[in-house]
1. With respect to PHE331, determine if the residue is out of contact with any helix residue (DSSP H, G or I) (no Cβ under 7 Å at 6 or more places or on another chain), hydrophobic (A, V, I, L, M, F, W, C) and either at pLDDT 85 or above or within 30 Å of ALA209 (Cα to Cα) (or both).
2. Given the options VAL224, VAL200, VAL188, VAL263, name the one that is touching a Lys or Arg at 6+ places or on another chain (Cβ under 9 Å) and farther than 30 Å from THR154 by Cβ.
3. What's the total number of residues in the stretch 148-198 that are assigned to a helix (DSSP H, G or I) and under 22 Å from ALA283 (Cα atoms)?
4. Of all residues in the stretch 44-54, how many are surrounded by 14 or more Cβ atoms within 10 Å (Cβ to Cβ) and either aliphatic (A, V, I, L, M) or at pLDDT below 85 (or both)?
5. Please specify each residue of the stretch 36-65 satisfying the condition of being without any contact (Cβ under 8 Å) to a residue 40 or more places away in the chain and in a helix (DSSP H, G or I).
6. Is there a residue being at pLDDT 95 or above, outside any helix (DSSP H, G or I) and either closer than 30 Å to GLY120 by Cβ or not acidic (Asp, Glu) (or both) anywhere in the stretch 1-16?
7. Pairs only if they're at least six apart or on different chains, beta carbon under 6 angstrom, first in the stretch 66-89 and within 20 Å of SER277 (Cβ to Cβ) and assigned to a helix (DSSP H, G or I), second among the hydroxyl-bearing types (Ser, Thr, Tyr) and at pLDDT 95 or above; list them, first residue then second.
8. Hey, can you tell me all the residues within the stretch 141-157 that are in contact with a helix residue (DSSP H, G or I) (Cβ under 6 Å, 6 or more places away or on another chain) and of a type in the set (Gly, Ala, Ser)?
Amino acid sequence: MSENKKKSVLVNNPVVNMFRGNIGIVMVLILMCIIISFATDKFLTGTNIISVLRQISINTFIALGMTLVIILGHIDLSVGAIVAMSGTLTVGFIVNQGLPIWLAIVLGLLIGTATGFISGFVVSTFKVPAFIITMAMMNIASGIAYVYSGGQSTRITNEFFINIGTGYLFKVIPLPVVYMVILIAIFVFLLNKTKFGTYVYAIGGNREAARLSGVPIKKVEIIVFTLSGFLSAFAGLVLCSRMYSGQPSVGSGYELDAIAACVLGGTSMSGGKGRISGTVFGAIVIGIISNGLNLIGVSSYWQLIIKGLIIACAVLLDVQKGKLSGLKKKFVKKNA
């Protein structure tokens, strides 16, 4: 193969492009792995790697939907509460109401999806800031979970249901990791290869220009928030299956982790920029931070502080990048 052809293959290779486009966070990820592996010899064991992947999967489900929401220029604070509500209701429907498992799962997913739909409908129709309506939905969803369960966890022992979150493919790969890979592939295609993905970027980049170009803004916003609700509900289903119970308090903090994964992965809080691959790397970083700090023995309270600082630093870097980009454009125009 000639030198030019080799270069062409490398340039068009999606894997190479993925790492090249996320070189910053990849370097941070490698550095973190090196530091944690020196701090504890338990980090690079096969069992721990499988455990990290399983933990990352839940955050990734939520962060995929959050990526689309943030690219649109919005935020969704209700995702953690939807995780808790959908999981608690699904388990309750099976254990308390005696519904068939398939029906309980469908209802749990539908309720979470409907919550996202309502948020999207209100945001797009009444122009209510997403921060406000999703905060309201967060309280509503959390309240429903607590009222239904009486504030108590509901134990489930059904083997089929438990296998959803604890089973393995070929007795090697955890099923949550399989779901994660499938959803990542779907959303990469959705965002990069469809008209819908183009609309999402267009609205986030310049809402008025998108409107004048005939982009169905209302429809796209509703779909994006609905997808976010569905993914959160699915995360709740898998999580309660893993925990053998439905717990109304389980979703606390998941919105923080999802936002952190998106921002660390390069999704701009001002909208219009972001990629699924970056979010995945961001979720891996968040998962490794939590896992590494647990192995080292750092308190969960300190972990919250560290995650908050990471988000703050990532947002500051994003703002500075935006300022530098603006200065660069002004300089180019001035010297054109």
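1. yes
2. Details: VAL224 fails: touching a Lys or Arg at 6+ places or on another chain (Cβ under 9 Å); VAL200 fails: touching a Lys or Arg at 6+ places or on another chain (Cβ under 9 Å); VAL263 fails: touching a Lys or Arg at 6+ places or on another chain (Cβ under 9 Å).
Among VAL224, VAL200, VAL188, VAL263, only VAL188 is touching a Lys or Arg at 6+ places or on another chain (Cβ under 9 Å) and farther than 30 Å from THR154 by Cβ.
3. Taking the stretch 148-198 and keeping what is assigned to a helix (DSSP H, G or I), we get 148-149, 159-166, 175-193, 195-198.
This time we only want the ones that are under 22 Å from ALA283 (Cα atoms), so: 164-166, 175-192, 197.
Looking only at that region, the number is 22.
4. Filtering the stretch 44-54 for residues surrounded by 14 or more Cβ atoms within 10 Å (Cβ to Cβ) gives 48, 50-54.
Right, trim to either aliphatic (A, V, I, L, M) or at pLDDT below 85 (or both) and you get 50, 52-53.
Going through the stretch 44-54 one residue at a time, the tally reaches 3.
5. In the first step, residues of the stretch 36-65 are kept if they are without any contact (Cβ under 8 Å) to a residue 40 or more places away in the chain; the result is 37-38, 41, 44-47, 49.
Hits for the stretch 36-65 are SER37, PHE38, GLY46, THR47, ILE49.
6. Scanning the stretch 1-16, I find no residue that is at pLDDT 95 or above, outside any helix (DSSP H, G or I) and either closer than 30 Å to GLY120 by Cβ or not acidic (Asp, Glu) (or both), so the answer is no.
7. VAL69/SER228
8. ALA141, SER142, ALA145, SER149
The values are calculated or read from the model by the stated rules, or taken from the named source; none is laboratory data. Owing to the predicted nature of the structure, the values given are computational and were not obtained by experimental measurement. Note: ideal-geometry Cβ built from the backbone for every residue, glycine included; neighbour counts use all protein chains shown.
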